[in-house]
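Note sheet for the following structure.
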Ligand SMILES: Cc1cc2nc3c(=O)[nH]c(=O)nc-3n(C[C@H](O)[C@H](O)[C@H](O)COP(=O)(O)O)c2cc1C
């Protein structure tokens, strides 16, 4: 089973991922992983931190001479900004006088962020102890893991991509206007997987339904508030005759004449492109802060203002692409198994022959 475990704080020393369940013999390309990390840092409306970070992956385990060993893969993305937070975010009790960032406790929680609920839940006096992990900085290492999953999927002809749809958060003029007003924006992204054979996922249980798993994977990304598969919301307002994808047959086998279902029916892929959308709320850190209450004094005050993006929807597209790739990678590993890449690819090939299916 392909699994991802991550750890790391936004301004801590590093972000860490362990990817287990990869077959042995998969050739990874460091440049391809770093290219996705760079894509995640781009997009109009990002904070200056992105220039500072220049994320690159380090591999500490599970890889030898560029090939996976079939053992847990250990990935690290260092936070270059940590040098400015070395005292404030020191894992061990810091030595010397407080210096740099993060030395004063945060007591004014931001509406829309993890700050207040995190402080209450964990009994924290310094809201930073909550916000550092809740931050979307951790998506860097999830994108690295997604790039590995994309490499695996490419071995069986599946290609995953993501893009921001043209609403305000992806429009330069709208971003400029929001920045001028010291405000923030959200947006919508679409991620697509082509070459996905029928039969990934299952209708057997709610946990195994691929639509449910993709919804969880996308909703698990910071600031995502709604997820749609295929035409999603629009289907609720359509007639059955306009909502389903009719079945046809030509020289390339069985296929559908439309793809309103986004490639998934009954929790199982149906051979059409897998299409998912995610709706992102406006980012919660405003340079013109919203009202808050000081948790120390109980007095009203302005919410925390910290360096922040105006819009991160282009980045969300890359993070969602990684999430879609990872979940499809998991579903492909369940279906095709194999300890070595050769076993995995051979099982895929035999299956396609049995169902007489070719990608479009
Ligand atoms: C790629 C990406 C970048 C983000 N950047 C910021 C940011 O700079 N400032 C901010 O306040 N929130 C940012 N967020 C959103 C917050 O992390 C998120 O709203 C917060 O953790 C609360 O979680 P929730 O919105 O899912 O409820 C970003 C989200 C993503 C996906």
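Computed from the coordinates by the stated procedures, all read-outs in this text should not be read as laboratory data. It should be emphasised that the depicted structure is a prediction, and the values quoted were computed from it without experimental measurement. Please note: Cβ atoms are built from the backbone with ideal geometry, for glycine as well, and neighbour counts cover all protein chains shown.
Table for the structure above
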{"read-out": "Residue within region 254-274 that is in contact (Cβ under 8 Å) with a residue 24 or more places away in the chain and part of a helix (DSSP H, G or I) present", "value": "no"}
{"read-out": "Matching residues, region 108-121, being away from the ligand (no atom under 13 Å from the Cβ) and surrounded by fewer than 20 Cβ atoms within 10 Å (Cβ to Cβ)", "value": "120, 121"}
{"read-out": "Residue in region 15-28 that is out of contact with any strand residue (DSSP E or B) (no Cβ under 9 Å at 6 or more places or on another chain), under 19 Å from residue 136 (Cβ atoms) and within 16 Å of the ligand (Cβ to nearest atom) present", "value": "no"}
{"read-out": "Residue list for region 320-360, filter: under 22 Å from residue 68 (Cβ atoms) and assigned to a loop (DSSP other than H, G, I, E, B)", "value": "337, 338, 339"}
{"read-out": "Unmet criterion (only one of (1) in contact (Cβ under 8 Å) with a residue 60 or more places away in the chain; (2) surrounded by fewer than 20 Cβ atoms within 10 Å (Cβ to Cβ); (3) more than 10 Å from the ligand (Cβ to nearest atom)) for residue 327", "value": "(2)"}
{"read-out": "Criterion violated by residue 245 - all others in (1) in a loop (DSSP other than H, G, I, E, B); (2) more than 27 Å from residue 336 (Cα to Cα) satisfied", "value": "(2)"}
{"read-out": "Filter result for the condition that a residue is surrounded by 17 or more Cβ atoms within 10 Å (Cβ to Cβ) and outside any helix (DSSP H, G or I), over 125, 162", "value": "162"}
{"read-out": "Among residues of region 302-319, those that are touching a strand residue (DSSP E or B) at 6+ places or on another chain (Cβ under 7 Å) and assigned to a helix (DSSP H, G or I), counted", "value": "5"}
{"read-out": "Looking only at region 190-218, and only at residues there that are farther than 15 Å from residue 325 by Cα and touching a strand residue (DSSP E or B) at 6+ places or on another chain (Cβ under 8 Å), the one that is nearest to the ligand (Cβ to nearest atom)", "value": "209"}
{"read-out": "Condition met for residue 83 (under 25 Å from residue 303 (Cα atoms), out of contact with any strand residue (DSSP E or B) (no Cβ under 8 Å at 6 or more places or on another chain) and free of Cβ contacts under 8 Å to residues at least 60 places away in the same chain)", "value": "no"}
